[in-house]
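Right, one structure below, let's go through it.
The values are calculated or read from the model by the stated rules, or taken from the named source; none is laboratory data. Please read all numbers here as calculations on a predicted model, not as lab measurements. No Cβ is skipped: glycine too gets one built from the backbone with ideal geometry, and neighbour counts run over all protein chains shown.
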Amino acid sequence: MQDITSYPFAIFDMDGTLVDSMPFWHNMGRDYLRARGCEPEEDLNAVLKTQTLQESAVYFREHYGLNETPEEIRAGFDALIEENYRSRVPAKPGTKELLALLASRGVRMSVFSSTPDYLVSMALERLGLHDYFEAIVNSAEAGAGKREPEAYLQVCGLLGYDPKETVMFEDADFAIFSAAAAGLHVAAVYDKSCCTPEAELRRAAEWYIRDYRDWPALKTPAASPDRKKGENKVKVTAAIQVLPAVTGNEEICRIVDEVIAYIAASGLHYEVGPLETTIEGDDYEQIMEIVKNCQLIALDAGCDKVSAYIKLIARREGDILSIDEKIGKYRA
């Protein structure tokens with residue numbers, strides 16, 4: 001699996017992906033009714049789920065006997081929505097760190113959302129995220145809803161992005177499936193509003209992110225501080241075999257792929273073999289930090305227990321045989 005930060009283009013959904021706004025949408029109808037002295041019925045959200053805002057306005061007037069016209073009710077919805085995006089909706093944890101990492105790798109980024117552009121801009125400006133994006137595209141501009149794969153091809157065309165070189169970050173199950181069907185590389189982002197089983201989303205997407213802060217690329221270890229006599233500067237080659245205690249070859253490969261993606265993000269020279277991955281560098285403590293984090297990432301990826309087999313060669317002065325010197329002649 002290729003490092004998520006290595007693709008030149010990335011498109012982000014807004015609600016549930018960049019910002020934690022789904023609880024607000026879930027409670028909006030109830031909040032509106034209670035502000036007008038009406039107690040919402042238990043099945044309100046199930047009713048509103050299939051309705052547009054205008055249809056919900058008509059429903060509120062007819063079903064709850066509100067005095068306002070549907071247009072006035074809709075205006076009340078809009079005011080409530082705007083106030084939340086202006087001052088309350090928070091970014092999902094780790095969002096800014098991920099965007100900063102992608103920007104540092106030269107990734108061009110845009111937003112593709114069904115939320116009106118001015119609300120997206122308003123929230124992103126407040127959260128200090130707006131400048132990471134070169135464009136905000138509304139689903140209406142794509143000519144199709146997010147349930148249609150064509151929408152993702154259209155938005156790539158509008159942005160000048162190659163779909164085969166674009167990572168789409170989405171939280172909604174139908175959007176994840178559509179983007180994958182369109183041929184984009186999909187990063188499925190966990191949001192508690194999505195009821196689809198995690199295993200199904202993992203099958204559809206190339207990456208599954210429960211929390212941006214735990215994403216391997218954000219765990220790239222910094223070089224250890226130099227000691228007084230340069231004791232960190234040691235030529236090191238380390239080989240690590242990670243064995244997750246999970247059932248099924250597909251699940252084993254998925255977790256090992258996340259570990260390898262982390263190693264790739266370290267920037268060190270490495271090579272993947274059938275039984276182990278070999279890494280080489282010149283900072284002993286950095287290599288050992290990577291070895292430690294490989295196990296932690298496997299645990300974070302969904303296994304309860306992980307075994308690791310490690311082989312290490314270190315030399316303070318002089319060279320040690322590199323990966324290429326050891327096996328280069330066999331590659332031919």
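The table below gives the values:
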{"read-out": "Pairs where the first residue, in the stretch 318-332, is more than 18 Å from VAL236 (Cα to Cα) and the second is surrounded by 12 or more Cβ atoms within 10 Å (Cβ to Cβ), C-beta under 9 Å, 6+ apart", "value": "GLY328/SER322; ARG331/ASP324"}
{"read-out": "Residues (among the aromatic types (Phe, Trp, Tyr) and surrounded by 15 or more Cβ atoms within 10 Å (Cβ to Cβ)) located in the stretch 148-189", "value": "TYR152, TYR161, PHE169, PHE177"}
{"read-out": "Qualifying residue in the stretch 251-259 (condition: among the acidic types (Asp, Glu), in contact with a Ser or Thr (Cβ under 7 Å, 6 or more places away or on another chain) and buried (at least 19 other Cβ atoms within 10 Å of the Cβ))", "value": "no"}
{"read-out": "Any chance THR17 is closer than 30 Å to SER178 by Cα and not in a helix (DSSP H, G or I)", "value": "yes"}
{"read-out": "Members of the stretch 77-119 that are assigned to a loop (DSSP other than H, G, I, E, B) and either surrounded by fewer than 18 Cβ atoms within 10 Å (Cβ to Cβ) or not aliphatic (A, V, I, L, M) (or both)", "value": "ARG88, PRO90, LYS92, PRO93, GLY94, ARG105, GLY106, SER114, THR115, PRO116"}
{"read-out": "Condition broken by GLN2, with the remaining ones in (1) assigned to a helix (DSSP H, G or I); (2) at pLDDT below 90; (3) closer than 30 Å to ALA180 by Cβ satisfied", "value": "(1)"}
{"read-out": "Filter result (in contact with a helix residue (DSSP H, G or I) (Cβ under 7 Å, 6 or more places away or on another chain) and more than 14 Å from ILE4 (Cβ to Cβ)) within the stretch 104-123", "value": "SER110, VAL111, PHE112, SER113, LEU119, SER121, MET122, ALA123"}
{"read-out": "Any hit, the stretch 316-330, residues being of a type in the set (Lys, Arg), surrounded by 13 or more Cβ atoms within 10 Å (Cβ to Cβ), within 17 Å of TRP207 (Cβ to Cβ) and not assigned by TED's automatic domain parsing to the domain that holds ARG213", "value": "no"}
